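Read through the structure below, which is laid out as structure tokens, and then see the notes.
The values are calculated or read from the model by the stated rules, or taken from the named source; none is laboratory data. Keep in mind it's a predicted model, so treat the numbers as computed, not measured. Here the Cβ positions follow ideal geometry from the backbone for every residue, glycine too, while neighbour counts run over all protein chains shown.
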Amino acid sequence: MKEHHPPAWAQRFVEWYCKPGLVEDLTGDLNECFGRNVQSLGPRRAKLIYIIDAFKFFRSYTVRSSIFTNLFMNRIMIGSYVKTSGRNIMRNKLFSFINILGLAISMSVGLLLIAFVLDLRSYDRFHKNGERIYRITNVLTSNNEDNGKFATTSAKTGKLIREKVSGIEEVTTMRNNFSGDARVGDNVLPIRGFWAESSLFRTFTFPMVEGNPATALKDPYSVVLTETAARKLFGNQAAFGKAIQVDTLIYQVTGIMKDVPFFSHISFEALVSLSTVEQNNKGEWTDMWSNSVYLLPAENADMAAIRSQLHAIAKEENLAGENSKIQLELLPLYNIVVGESLRQSEGGPGYTGPHMSPVVLWILGGLALVVILSACFNYTNLSIARAMRRIKEIGLRKAIGAGKGQVRLQFLAEAVMISLAALLLSFLLFLVLRPLLINMAPEMQRTVKLDLTPSMVATFIVFSVTVGVMAGFMPAVFFSKISPINAFGNVASMKMFKHLTLRRALVVIQYTVTLIFITTTAIGYVQYKNILAFDLGFSTANILNINMQDNKPDAFLKELGEMPEVTALSRSLITTGVGNAWGGNMKYKDSRDSVLVMTNHVDENYLPLHDYKLVAGGNFIARPATAQATGEVIVNQQVLKRFNIGAGNPGKAIGEQISLNGRKLTIVGVIQDFHYGKVENLIGPVAFTFWTPEDRAIISAKIQSADMPATVAKIESAWKKIDRVHPFMAEFYDEEIADAYSEFSTMIKIIGFLSFLAISIASMGLFGMVVFTTETRLKEIGIRKVMGAGIGNLIYLLSRSFLFLLSISAIIALPATYLFFRIFVLPHYPYHTPVQITELFAGLLAVLLIAFMMIGSQTLKAARSNPVAVLKSE
């Protein structure tokens, strides 16, 4: 028969509270009762009765007296710690102010980072089955070269998974780039969204207000609107069951759903049935640029088996490919926003949603931790520096029975109180800095909100207590080692005061970090300005790029051509030099040798307007009306180098034929190499083909005007004549380039801000140390003045130790920063400028100037003191 035992935790509870003389009898009686109850009532009820009896015998005559005594004494001790700490904080107002202000400044950075991380971790948590949802990631290999991981895959992938993979509860495919002008009567609204399947509502948690989620996206030309989109289109009228016109097609509203939450990596205003476009979709395996496939595995599914089946599908499908191979991987839903960086495809960054690399978070967290540690170093330095004044207090505590643990708790309580006081001030700083962080870059506004939540407030409090423990740990350990005999004896002879290397080391570390921050900011800013001023190989000055937003450009070109301020106009498919990309496979004579070439579709005015340098041949000759009729191409020098066209002579390349995406084209011109992508990308092969009316249009307008804002307003008025629905989207080329490097500038701003905080905290700590040093050496200064020492000698005497420590910091920080940029940062930017010596020493001069002001003000005050007033008590 199975042997039954009473609940082990209930037994331990009885043994914990029961008096030693009664514990054996009481537990024995309870066990006997348990055995009888098992026989008569069954094991489940017997265990329940045992638990009730265990709590029932918690009486005054059974409970150890030490429990109540300890609880009472602990309450008294905690009150004593708080009272003593409060008195000590008020007694040392200057040092307390420095500690509180330093911790508050540093903790405000921590609060911002906590709020930022909590917001990022909030993405997609509203989905009921979020922990089981995965997105398919495509890993593309072309010609045995790794082309990276893509957030999109083919529609065929979703169909194959549905047919061949077991252990899957739901599969849903979404196709991006549903957009257009939705019209209801006279009301026109630009709308965007996805083509989707009904299984989307079974996979994700998007609550439907009206309509059946199981059938809402079943039939072609069905559309589900969000509540906001329906209200904008139909006003107060019912939208369900009505029709809307998007461009030239009519769609039936088959559902109204709640608005997509802010913290969702997929955002849309409308979902249209995927069956609407499936008839035109061939569903090829390599057509991986416009679709996303999400899986919902069954509960307790074998993920290793699912991955194995995905690998088998990819292996089978890749047999039909010549040069391109695709592997399928699973990306958890919660790792989409904070996870591995994936390459963007046709949908662009707005399609795949916001993203933040974990590396960036670790870097920001590390920087914030360094600033917080700097403030903790201040606390440690000032606390240990004041040890001479508190040494007898510690000795007296130990003499009347206090142990090391109680002394540690005293100083930890004091540090936590200061940290909690700093939390109040840091929270006010957080409220001030929050809008500045959100408005630092457009991506921030679309990614985080930093609104306060109960969990965020609780995290702030835990963070504050943690910082207090960090700050008070070293002083607590330091003071707990003091013995009562030494405390009341000759304090100066104590071993721990003979070698104050700890405080010196903390000052050196603090200023080393500060110098690294400031020098990094200076070098990064100079590199950023050099990038913006870098010669891209074409002109961008006074060029306004206007997005036609699917409008035909002819009418608008006519309006612009009549403006005297507009001196030249051209059309292109994309804007180069800012990170946009449009490519294709190019071949020359060997059909087996191909390369990915970046392309752009431009008209005959594009090259002269942007001042591209032709090294051979000329501009486009033909003016084709369709893409199929295009027969000419202009290439850069890298194309000739890659295929050895013309044997190094650009003139001989004119008239040669190449194949681009299977279409035969004749080289009519060769342009000098230029930066198609960003400056961190190496210059590669580029080909220009002729722009046709089938292409999307970016109009580039060369403007010569003494009043640029007025001219732009004039162009915007012309835009409203041809399109009253879409907002005017135009930006000067130089501004687009600056926006393209906004991440770089944002990081410089953040590091610069942290540099300011670091130097502020370090300066406050240095100020406190100087004040303490001068106060403790006033009598020495008075004696030296009586003996004939001058003010200059006294200033040198008091400041040389601090200046020596700053010199050590500079010797460590400057080479470390230089090597960091030389080895880790600048190699990623092939066209960077070398680090100049002025950039390295600019930060050092700033730190030395501030430190000299802090040291000089106090030492000068001490040096000017009257020796009679100082020595009168001796």
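Before moving on, here are some points about what is shown:
- When each of ASP124, ASP119, ASP53 is tested for being farther than 30 Å from MET356 by Cβ and at pLDDT 85 or above, the lone residue that passes is ASP53.
- Flag for SER357 being surrounded by fewer than 17 Cβ atoms within 10 Å (Cβ to Cβ), free of Cβ contacts under 8 Å to residues at least 40 places away in the same chain and among the hydroxyl-bearing types (Ser, Thr, Tyr): yes
- Positions within segment 712-747 being under 20 Å from the mean Cα position of the chain (by Cα) and part of a helix (DSSP H, G or I), in sequence order: ALA738, ASP739, ALA740, SER742, GLU743, PHE744, SER745, THR746, MET747
- Residue check for PHE556: under 27 Å from ASN644 (Cα atoms), buried (at least 19 other Cβ atoms within 10 Å of the Cβ) and either modelled with pLDDT under 90 or out of contact with any Ser or Thr (no Cβ under 7 Å at 6 or more places or on another chain) (or both): no
- Filter result for VAL416 (over 30 Å from ALA740 (Cβ atoms), free of Cβ contacts under 8 Å to residues at least 12 places away in the same chain, in the same structural domain as PHE753 (by TED's automatic domain parsing) and not small (Gly, Ala, Ser)): no
- When segment 781-807 is filtered for residues that are surrounded by fewer than 16 Cβ atoms within 10 Å (Cβ to Cβ) and not small (Gly, Ala, Ser), the ones remaining, listed by number, are ILE783, VAL786, MET787, ILE791, ASN793, TYR796, ARG800, LEU803, PHE804.
- Residue in segment 140-151 that is aliphatic (A, V, I, L, M), surrounded by fewer than 16 Cβ atoms within 10 Å (Cβ to Cβ) and either in contact with a Pro (Cβ under 6 Å, 6 or more places away or on another chain) or more than 22 Å from THR447 (Cα to Cα) (or both) present: no
- Scanning segment 261-276 turns up one or more residues that are among the hydroxyl-bearing types (Ser, Thr, Tyr), over 31 Å from the mean Cα position of the chain (by Cα) and surrounded by fewer than 18 Cβ atoms within 10 Å (Cβ to Cβ).
- Residues located in segment 527-548, provided they are free of Cβ contacts under 8 Å to residues at least 12 places away in the same chain and closer than 19 Å to HIS610 by Cα: ALA533, ASP535
- Near pairs, Cβ below 8 angstrom, 6+ apart or cross-chain, from segment 508-526 (modelled with pLDDT of 85 or more) to any residue that is surrounded by fewer than 24 Cβ atoms within 10 Å (Cβ to Cβ) and not in a helix (DSSP H, G or I): ILE523/VAL835; VAL526/THR833; VAL526/GLN836
- Only one entry of ILE823, ILE808 meets the criterion of being more than 20 Å from THR514 (Cα to Cα) and in the same structural domain as LEU506 (by TED's automatic domain parsing), and that entry is ILE823.
- Test: residue in segment 451-460 that is within 29 Å of the chain's Cα centre (by Cα) and surrounded by 18 or more Cβ atoms within 10 Å (Cβ to Cβ): yes
- Inclusion of VAL432 among residues that are surrounded by fewer than 20 Cβ atoms within 10 Å (Cβ to Cβ), assigned to a helix (DSSP H, G or I) and at pLDDT 85 or above is warranted.
- The residues of segment 776-800 that are without any contact (Cβ under 8 Å) to a residue 60 or more places away in the chain, part of a helix (DSSP H, G or I) and over 16 Å from LEU849 (Cα atoms), listed by number, are GLU780, ARG784, GLY792, ASN793, LEU797.
- Of all residues in segment 16-31, those satisfying the criterion of being surrounded by 13 or more Cβ atoms within 10 Å (Cβ to Cβ), part of a helix (DSSP H, G or I) and out of contact with any Cys (no Cβ under 9 Å at 6 or more places or on another chain) are TYR17, LEU22, VAL23, LEU30, ASN31.
- Yes/no for LEU233 being touching a helix residue (DSSP H, G or I) at 6+ places or on another chain (Cβ under 9 Å) and closer than 21 Å to GLU210 by Cβ: no
- Positions within segment 853-865 being at pLDDT below 80, part of a helix (DSSP H, G or I) and surrounded by fewer than 19 Cβ atoms within 10 Å (Cβ to Cβ), in sequence order: GLY856, SER857, LEU860, LYS861
- Scanning segment 584-614 for residues that are surrounded by fewer than 16 Cβ atoms within 10 Å (Cβ to Cβ) and of a type in the set (S, T, N, Q) yields one hit, SER591.
- Any hit, segment 304-321, residues being closer than 30 Å to ASP119 by Cα and either surrounded by 20 or more Cβ atoms within 10 Å (Cβ to Cβ) or outside the structural domain of LYS159 (by TED's automatic domain parsing) (or both): no
- Going through (1) in contact with a helix residue (DSSP H, G or I) (Cβ under 9 Å, 6 or more places away or on another chain); (2) within 19 Å of ILE372 (Cα to Cα) one by one, VAL462 falls short only on (1).
- Matching residues, segment 709-730, being under 15 Å from VAL566 (Cα atoms) and either touching a strand residue (DSSP E or B) at 6+ places or on another chain (Cβ under 8 Å) or assigned by TED's automatic domain parsing to the domain that holds VAL371 (or both): THR711, VAL712, ILE715, GLU716, TRP719, ALA730
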